[in-house]
Amino acid sequence: MSIEVITFGCRLNAFESEVIAREASGAGLSDTVVINSCAVTNEAVAQARQSIRRLKRERPAARIVVTGCAAQTQAKMFADMGEVDRVIGNDDKMRSSAWRAARAAFDVEAAEKIAVSDIMAVTEMAPHLVDGFQSGLPRVFVQVQNGCDHRCTFCIIPFGRGNSRSVPMGAVVDQVRALVERGHAEIVLTGVDLTSYGADLPGAPKLGTLTRQILRHVPELRRLRISSIDSIEADADLLDVIAGDERLMPHLHLSLQSGDDLILKRMKRRHLRQHAIDFCAQVRRLRPDIALGADIIAGFPTETDEAFKRSEDLVEQCGLTFLHVFPYSPRPGTPAARMPQVASSLIKERAKRLRAAGEAALRQRLGSEIGKTRDVLIESEKLGRTEHYLPVAISSDTPGKVRRLAMTGHDGARLLA
Ligand code: SF4
């Protein structure tokens, strides 16, 4: 029996699960299930626990290993579960030594389950050359940065992933080239705090520098996409590439979190409402057809109706197309969890209103696309995505192909071509 890796959470975990699968089988482990967990909300942690119990019922002989951000921040909680055989740290999971140690522990039925090192002591990223994704999906993620030096008051991520560190540019270019040669049509650069890329590298290259290097040294790459960024930290080079290179997809996802300045201060964010609005206007001047998305939290502690209203109307003020709504979830150990909380019914209602605003914004953008011709990356037989990341319903086609298609209509959630 092989190794099965179950991935929760973000694109970073998706990339890391490819490395885990390779390292765990390389260590000679078998009949083992690895839960690559997420800690961003209480719900995410609960889902990992439920999966562990279900898996042990379904596969009583299998070894269960838990890793990822929830394992890093709540190792003992997982180790206390009878179903769990090993808890491996979030940096340790990327090292073959951790999997060899797990194999050795299983061989002697060692009592000690926890193998989690101090994530705050990690200063470097072990570059991993992944030459393909088991998923075989046409769009794949390349991790270029990990950890975060900021300490937003609602966020548990720095405690799960440590401080910011970057993959050297040369290793990133090699990684992208290997995946393009393997036939992956679109590369998404991913990290925890992408705009802090390079601050720890010699010469402190910026995200814009990295993007330019990739496009210069991998001419075969047709579509480069950037995952979530902190708009206030976007560098001049990045803006230049956005303006000047068609191969960088006209789509940005912004970590905005709120539209109210007092709440942004209480979140310890680095931007104010007007910065977000100005940034969106600036990138739209540079790339008029750009599609913008954002993360917004509903019901952050002390958020009043007026403050929430300012988040709601930010959708229009910034001309957003995609909205990821996060109902506030108090994470143990974060400063926001100790602030006066908003009633959960109000959090739910506000999240609902934000989602409705997001759906209306998407419909508006879909409507404006009718009659336009777009380059659509075919993701599956029934679905593709334009350069702007807009979903397109297609009859049947070959995943991985990029087709130039005329948009003929939409069904409220997807374009029709
Ligand atoms: S920037 Fe803030 S929200 Fe983002 S990972 Fe860092 S601490 Fe968390």
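The values are calculated or read from the model by the stated rules, or taken from the named source; none is laboratory data. Since we're looking at a predicted model, the values are computed, not measured. A quick note on method: Cβ atoms are made from the backbone with ideal geometry, for glycine too, and the neighbour counts reach across all protein chains shown. Note: areas computed on protein heavy atoms with side chains; ligands, DNA, RNA excluded. Shrake-Rupley method; radii C 1.70, N 1.55, O 1.52, S 1.80 Å.
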Residue identified as buried (at least 20 other Cβ atoms within 10 Å of the Cβ), at pLDDT 95 or above, closer than 22 Å to P158 by Cα and under 22 Å from the mean Cα position of the chain (by Cα) among F78, F8: F8
Verdict on E83 being of a type in the set (D, E, K, R) and loosely packed, with under 15 Cβ neighbours inside 10 Å: no
Evaluation of I370 against (1) modelled with pLDDT under 95; (2) of a type in the set (A, V, I, L, M, F, W, C); (3) open to solvent by 50 Å² or more (accessible area, probe 1.4 Å) (one fails), failing number: (1)
Residues being open to solvent by 10 Å² or more (accessible area, probe 1.4 Å), near the ligand (Cβ under 6 Å from one of its atoms) and either outside any loop (DSSP other than H, G, I, E, B) or of a type in the set (D, E, K, R) (or both) - total across the range 144-163: 2
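Table: residues versus (1) open to solvent by less than 20 Å² (accessible area, probe 1.4 Å); (2) touching a Leu at 6+ places or on another chain (Cβ under 7 Å); (3) in contact (Cβ under 8 Å) with a residue 12 or more places away in the chain.
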| position | (1), (2), (3) |
| --- | --- |
| S329 | no, no, yes |
| S345 | no, no, no |
| A351 | yes, no, yes |
| A356 | no, no, no |
| L383 | no, no, yes |
| H388 | yes, no, yes |
| P391 | yes, yes, yes |
| T398 | no, no, yes |
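From the list F141, F133, which residue is on the phi < 0 side of the Ramachandran plot, buried (at least 20 other Cβ atoms within 10 Å of the Cβ) and modelled with pLDDT under 95?
On the way: F133 fails: buried (at least 20 other Cβ atoms within 10 Å of the Cβ).
Just one listed residue meets the conditions, F141.
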Of all residues in the range 173-182 being out of contact with any Pro (no Cβ under 8 Å at 6 or more places or on another chain) and touching a residue at least 40 places away in the same chain (Cβ under 8 Å), the one that is surrounded by the fewest Cβ atoms within 10 Å (Cβ to Cβ): R182
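Out of E83, E112, E58, which single residue is of a type in the set (D, E, K, R), in contact with a strand residue (DSSP E or B) (Cβ under 7 Å, 6 or more places away or on another chain) and not assigned by TED's automatic domain parsing to the domain that holds G147?
On the way: E112 fails: in contact with a strand residue (DSSP E or B) (Cβ under 7 Å, 6 or more places away or on another chain); E58 fails: in contact with a strand residue (DSSP E or B) (Cβ under 7 Å, 6 or more places away or on another chain).
Exactly one residue qualifies, and that residue is E83.
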